[in-house]
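These notes are about the structure you will find just below.
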Amino acid sequence: MMPLRRFTIHQPRNLKEASEMLAQFGEKGRLYAGGTELLLAMKHDLLRYEHLVDVKTASGLDRIERKDFALHIGGIATHRAIENSPLVREHFPVICEMERNVANVRVRAAGTLGGNLCFGEPHSDPANLLLALNAKARVRGRSEDRVLAMDELIAGAYETSLAPDEILTGVEIPLAPKSQKAAYLKFQIHERPTLGVALVLELDESGRAITKARAVVGCVSPKPCRSEKAEALLVGERENVEKQLPEAAKALADAAQPVDDLEGSAEYKRHLIGVFLRRAFAKALSKPVA
Ligand SMILES: Cc1cc2nc3c(=O)[nH]c(=O)nc-3n(C[C@H](O)[C@H](O)[C@H](O)COP(=O)(O)OP(=O)(O)OC[C@H]3O[C@@H](n4cnc5c(N)ncnc54)[C@H](O)[C@@H]3O)c2cc1C
């Protein structure tokens, strides 16, 4: 590892000041939250910044609250805070469970949701589940506030659609009706996940038919991905949908276009998508895993 190059940490008093600093420093500056990605990349000399703007000094961004029929999670809420939040557990136990399996406890204690989403590392969990839950990202820059869908925020591997002065202030997740069932499963053998599958199903009153489905596969290619074809196959009487799972998995894999990388071959990942979609379906509907 290279010795860390010199840099200055700035502590803005509020978001406006943080955005202005980012605009002023341009390519020489970067927003910094927990530092678990950024400082590691700087230590390896993969990224070089002379100025780091500490977003943690801008107050309020760690809040987790229920407001306007949505759960709001602040951009600097740590993985650990989300994992342990009674409010998140009450409304979205699936998010607590996903967070509990992110990295290790040291990374979760310092690493933030905003840092995870804005680094755009493809082998990550939160964006997969948040896309399936139809979450929106709230963004603030010097001149305007924007709301982006998860798949608009993540532009590709290590790329977001944020302008240099923009800060992710939080995500909002529409509160789920009781008829909504969700599951997130990942497969991981190394430090980062090889595959993440998120499934959100809405059931009719009888509980026997699925009326809406959102399925996301992530980590296998540059960004999390949905497939209209897969989601159409996941709607209908449970028994029929179960028979269509292999076809739905194929549609998801076709949409995601898995790539060969150090986590495994594209073919291997296509196989995993089939296995994990079946397991996620069983888990969402609390059935024994076949
Ligand atoms: C050993 C290890 C294992 C890991 N395993 C997993 C895993 O299993 N699953 C998984 O999902 N992740 C995993 N991670 C990634 C981890 O979740 C992230 O490192 C962490 O969430 C990053 O948050 P941070 O606050 O430290 O970001 P930082 O390192 O501070 O910042 C990362 C990037 O995001 C930008 N940024 C930060 N906050 C904001 C904001 N509010 N608005 C705009 N831009 C912002 C920064 O400018 C920087 O470019 C792992 C990481 C490590 C080190």
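The values are calculated or read from the model by the stated rules, or taken from the named source; none is laboratory data. None of these values were measured; they are calculated from a predicted model. Reconstructed Cβ throughout: ideal geometry from the backbone, glycine too, with neighbour counts over all protein chains shown. These area figures cover heavy atoms from the full protein model, side chains too; ligands, DNA and RNA do not enter into them. Shrake-Rupley method; radii C 1.70, N 1.55, O 1.52, S 1.80 Å.
Per residue, the chain exposes 50 Å² of solvent-accessible protein surface, assessed with a 1.4 angstrom probe and all protein chains in place. In the assembled protein chains, Ser265 presents an accessible area of approximately 50 Å² (probe radius 1.4 Å). Our estimate of slack between Gln188 and Ala266, defined as 0.36 nm per intervening residue step minus the Cα-Cα distance, is 26.6 nm. If you roll a 1.4 Å probe over the chain with all protein chains in place, what percent of the accessible area is carbon or sulfur? Answer for the chain: carbon and sulfur cover 50 percent of the accessible area.
Taking 0.36 nm per residue of sequence separation and removing the Cα-Cα distance, the Arg106/Glu65 pair yields an extension gain of 12.3 nm.
Loop-located GluC sites (Glu not before Pro) in the range 114-168 (DSSP state other than H, G, I, E, B) with a sparse environment of at most 14 neighbouring Cβ atoms within 10 Å: Glu144.
Test of the criteria: in the range 69-171, which chymotrypsin sites (Phe, Trp or Tyr not before Pro) are in a DSSP loop and have at most 11 other Cβ atoms within 10 angstrom of their Cβ? Of the chymotrypsin sites (Phe, Trp or Tyr not before Pro), the ones in loops of the range 69-171 whose Cβ has at most 11 other Cβ atoms within 10 Å are Phe69. Once you reduce the range 210-226 and the range 246-290 to the center of their Cα atoms, the two points are 10 Å from each other. For the range 182-221, applying the loop criterion from DSSP together with a ceiling of 11 other beta carbons within 10 Å to the GluC sites (Glu not before Pro) yields Glu191, Glu205. Here the chain is scanned for trypsin sites (Lys or Arg not before Pro) in DSSP loops (not H, G, I, E, B) that have at most 16 other Cβ atoms within 10 Å, and the longest stretch holding none of them is 209-290. The value for the chain of Rg(Cα) / (2.2 N^0.38 Å) is 1.02.
Once the Cα-Cα distance is subtracted from the 0.36 nm per residue extended length, the Gln11 to Gln257 segment shows a gain of 84.4 nm. Can you give the FRET efficiency to the nearest 0.05 for Lys43 and Ala209, using r as the Cβ-Cβ distance and R₀ = 45 Å? Here the calculated transfer efficiency is 0.30. The modelled label-to-label distance between Asp151 and Thr57, using points 7 Å beyond Cα along the C-beta direction, is 4.0 nm. Among the listed pairs Lys43/Lys269; Lys56/Lys283; Lys67/Lys269; Lys28/Lys67; Lys43/Lys136; Lys67/Lys212, those with a Cα-Cα distance over 29 Å are Lys43/Lys269; Lys56/Lys283; Lys67/Lys269; Lys28/Lys67; Lys43/Lys136. The long axis of helix 266-284 is offset from the longest Cα principal axis of the chain by roughly 70 degrees. Could you give the angle, 0 to 90 degrees to the nearest 10, between helix 15-25's Cα long axis and the longest principal axis of the Cα atoms of the chain? Relative to the chain, helix 15-25 is tipped by roughly 70 degrees.
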